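Single-structure report; data block below.
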Amino acid sequence: MSFDLVIFDCDGVLVDSEVISCRAHAATLTRHGYPITPSGVLKRFLGVSDREARQIVESEIGRKLPDTFEAEVKQATLGFYADDLSAIAHVGDAIASLDLPKCVASSGTPEKIRHGLDCAGLYDQLAPHIFSAVQVKRGKPAPDLFLFAAEQMGANPVRCVVIEDSVPGVTGARAAGMTVLGFYGGSHCTAEHEDMLRRAGAAVTFADMRELPGLIAEIGAKTPVA
């Protein structure tokens, strides 16, 4: 096998949280004069860091959102998490069966990532190798977060395989020179999701985490050693 590191996105890959996050963002944005539905948030900002999503909104409305905006979104998100969050089906077993170093590279804040993984019962399987977009200058779709994660883990980017569910995530990982597997098994995924991931550059796509160990072994065997 030619892979030395498996990098997981968090929301929509480890935890089935995208629908919850979109509900929280939509409610908070609408309250501050940017009317949008949860499906609208999903379509526009899936995979984009909170920081960059905020910049997009502020440029469109021509003013700054309040300083409390992130705290309000966080409060709403964590409130929904307590009642509704679950791990992606079978992902815990998939993680346990991978005999490779593993880490998380997410657009979320460290607090949000930690809370989501805790609620889903996955934190202990992946800690302390958890990296956030706040640790780099540019979030996804830039390659910065993936390159940072590889550097921290001591891995060559070309020997990393990334599990992503968003077009910005796939784009960023490919820009980092990494192989990407596109996951479309989260509750937020539409009928077009698989094709979007393939067009963005995912080497393969899959919807069942029970397939993951076999896919990594199969693709790794075919990937030239750098």
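Only the coordinates and a few stated rules stand behind these numbers; no lab work does. Fair warning: this is a prediction, and the values are worked out from it, not measured in the lab. For neighbour counting, all protein chains shown are included, and Cβ atoms are generated from backbone atoms with ideal geometry for every residue, glycine included.
Got the relative contact order for segment 44-173 handy, in percent, Cα pairs under 8 Å and 6 or more residues apart?
Relative contact order comes out at 29 percent.
In whole angstrom, and with the biggest value first, how far do the Cα coordinates of segment 18-84 range along each principal axis?
Per principal axis, max minus min of the Cα coordinates gives 35, 24, 19 Å.
Which order do THR171, THR30 fall in if you start with the one that has the fewest other Cβ atoms within 10 Å?
Ascending number of Cβ neighbours within 10 Å: THR30, THR171.
Given that just one value was derived from the coordinates, which of [x] 24; [y] 31; [z] 38 is percent of Cα pairs over 28 Å apart?
Structure-derived value, by its label: [x].
I need to check one value: relative contact order of segment 18-84, counting alpha carbon pairs closer than 8 Å and at least 6 residues apart, in percent.
Once divided by the residue count of segment 18-84, the mean separation gives 41 percent.
Considering only the other residues whose Cβ falls under 13 Å of the Cβ of ALA142, what net charge follows from Lys and Arg at +1 and Asp and Glu at -1?
+3
If I build a Gaussian network model for the chain, linking alpha-carbon pairs within less than 10 angstrom, which residue out of PHE45, PHE69, PHE131 has the largest mean-square fluctuation?
Most flexible of the set in this elastic network: PHE69.
Given the chain, what percent of its DSSP beta bridges are antiparallel, to the nearest 5?
Rounded to the nearest five, the antiparallel share is 5 percent.
Can you grab the distance from the C-alpha centre of segment 40-88 to the C-alpha centre of segment 147-226, Å, no decimals?
24 Å
With angles folded into 0 to 90 degrees, how steeply does helix 50-61 sit against the dominant principal axis of the chain? Use alpha carbons for both and round to 10.
Roughly 40 degrees between the two axes.
At a 10 Å Cβ-Cβ cut-off, how would you order VAL91, VAL161, VAL204, fewest neighbours first?
VAL204, VAL91, VAL161
Which of ILE130, ILE56 comes first, and how do the rest follow, when ranked by fewest Cβ neighbours within 10 Å?
ILE56, ILE130
Would you be so kind as to identify which of PHE45, GLN75, ILE20 lies farthest towards the positive end of the dipole of segment 18-84, taking Lys and Arg as +1 and Asp and Glu as -1 on Cβ and the Cα centre as origin?
PHE45
Note the angle between two axes, namely the Cα long axis of helix 144-153 and the longest principal axis of the Cα atoms of the chain, as a number of degrees from 0 to 90, rounded to the nearest 10.
50 degrees
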